[in-house]
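The block underneath contains the structure these notes are about, expressed in structure tokens.
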Amino acid sequence: MTPTHTFPFSIITGRTIFRLVHDHLDGCMEAVQKAYLAHAEGHSVNPASFFLRFPDRPNARIIGLPSHLADSWNISGIKWISSFPDNIHKNFPRASAVLILNDHGTGYPFACLEASVVSASRTAASAVLAAAHLSPDKSRRVKNLGLVGTGLISRYIYRFLLGTGWEIENLHLYDMDPAQAERFQAKVCDPKRHAAIRISPNLNSLIQSCEMVVFATVAGRPHVHDASLFSHHPLVLHISLRDLAPELLLDACNIVDDIDHVMHADTSPHLAEQLTGRRDFVTGTLPDIITGRKKVDHSRTVIFSPFGLGVLDLAVGKWIYDQAVAAGEHSMIEDFFYDLER
């Protein structure tokens, strides 16, 4: 008997995704902002991420981020992303991932996307969106930008900044492995866009020199403890979440993506909650700032700590899927779902 239903399934490769994202950075940014606002308005389901850990590889993990977006999307999905930090010693990225998209009407998956590019892109878009809304004058200008950690995430954040019109006079780089910072300077940086590009001799000097600091490291526990380093009250995009001692957050204006989600897995905000037994050190969420429900206190250091919501991957993934299908840049597998007789 011929099945009465067919459920086409598409594969979209990293090559296609990379090109679509980098050709349309503003579209990616728009997808992230819409997802943030939909989440804040209750048009999403975003359970806590779950972590698969390994007794023989304590620094490695695979994370599942299930999510659902209602409103105009009406899709669900899951990002399955591994983080194996030892990969960087073999000269390839620590993270690899896939994203599955599910139809809300039937529950059937309709696409699988290579998702390390999706994940890095939504992370960078989130950081740059935060920079635009949390900087004091919202001018898309910064005299001194510091990048702490010069891996893939910093590369994406840097390119999203330049690609969306940011003017960065001086760029400061720091990595525990100076060779990685030198490689970033040589292969990633655009010297025509800066007056100077400097590799900082140590982390402390970078922090003290910069009005905006991005932490994108693989740190598993806080390693920055000195509050005096932040006496000039910079904007800190704390993307890697575990670099700052919890005491530093207690004297800052803290913005997160979702308060409940960021308060686990020993993030710096989670450690601050454990230290104090409260959460009132958090000013609000990025959607609170975007919509004007909360204000940024620039008399203190402003710290953005995004846990990374699955709905962002879902929104960016669907945006990429729509573009890829419209351009015919996807591989359709007609009989992926085969035995469809009930």
Here the net charge surrounding residue 149, from other residues whose Cβ is less than 9 Å away from its Cβ (Lys, Arg +1; Asp, Glu -1), is -2
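Once every DSSP H run of n ≥ 4 in the chain is given -39500 (n - 2.57) and the sum is divided by its residues, what mean residue ellipticity at 222 nm do you get, rounded to the nearest 500 deg cm²/dmol?
Values: 11 runs with 114 residues, N = 342.
After summing the helix terms and dividing by residue count, I get -10000 deg cm²/dmol.
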Using the Cα centre of the chain as the reference point, and only Cβ charges (+1 on K/R, -1 on D/E), how large is the resulting charge dipole? Debye, rounded to the nearest 20. 720 debye
35 Å tail of the calculated P(r), the chain, as % of Cα pairs: 21 percent
In Å, the C-alpha Rg and Dmax of region 174-253 are 13.4, 39
Surrounding charge for residue 61, neighbours by C-beta under 11 angstrom, Lys/Arg +1, Asp/Glu -1, total +3
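For region 196-294, run through the trypsin sites (Lys or Arg not before Pro) and keep only the ones in DSSP coil with at most 11 other Cβ atoms within 10 Å of their Cβ. Display every interim value, and only then the final one.
Details: sites: 198, 242, 278, 279, 293, 294; in loops: 242, 278, 279, 293, 294.
Of the trypsin sites (Lys or Arg not before Pro), the ones in loops of region 196-294 whose Cβ has at most 11 other Cβ atoms within 10 Å are 278, 293.
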Taking the chain as a Gaussian network, Cα atoms linked when under 10 Å apart, which of 105, 42, 149 shows the biggest mean-square fluctuation? 105
Out of all DSSP beta bridges in the chain, what portion is antiparallel? Express it as a percent rounded to 5. 50 percent
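Taking the Cβ of each residue in 13, 150, 106 as the centre, tally the other Cβ atoms inside 10 Å and list the residues starting with the fewest. It would help to have the intermediate numbers written out before the result.
On the way: 13 15, 150 27, 106 10.
Least crowded to most crowded, the residues run 106, 13, 150.
Among residues other than residue 168 whose Cβ falls under 9 Å from its Cβ, what is the net charge (Lys/Arg +1, Asp/Glu -1)? If you can, show how the numbers build up before the last one.
Working: positive: 141, 143, 193; negative: 167, 169.
Charge balance in the 9 Å sphere: +1.
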For residue 192, go through the lysines and keep the ones whose alpha-carbon is under 25 Å away, minus same-chain ones fewer than eight residues off. 138, 143
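Do any GluC sites (Glu not before Pro) in region 286-342 lie in a DSSP loop with no more than 11 other beta carbon atoms within 10 Å, and if so, which? Don't jump to the answer; show the numbers that get you there.
Numbers: sites: 329, 334, 341; in loops: 329, 334, 341.
Filter output for region 286-342: 334, 341.
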Jot down the radius of gyration and Dmax of region 66-210, Cα atoms only, both in angstrom. 18.1, 56
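To the nearest 20 debye, what charge dipole does region 136-308 have about its Cα centre, counting +1 at the Cβ of each Lys and Arg and -1 at the Cβ of each Asp and Glu? Each step should come with its number before you reach the end.
Working: 19 positive and 20 negative charges, 121 e Å.
Using only the charged Cβ atoms, the result is roughly 580 debye.
Show me the ranking of peptides 267-274, 131-138, 319-326, 45-52 by mean Cβ neighbours inside 10 Å, starting with the highest.
Working: 267-274: 21.5, 131-138: 15.6, 319-326: 19.1, 45-52: 14.1.
Per-residue Cβ counts within 10 Å, averaged per peptide and sorted highest first, yield 267-274, 319-326, 131-138, 45-52.
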Taking the alpha-carbon set of region 136-308, what are its Rg and Dmax in Å? 15.6, 49
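Read-outs throughout are calculated quantities, based only on the coordinates presented, and are distinct from any laboratory measurement. Predicted model only: the values in this text are computed from it and were never measured. Neighbour counts run over all protein chains shown; Cβ positions are idealised from the backbone, glycine included.
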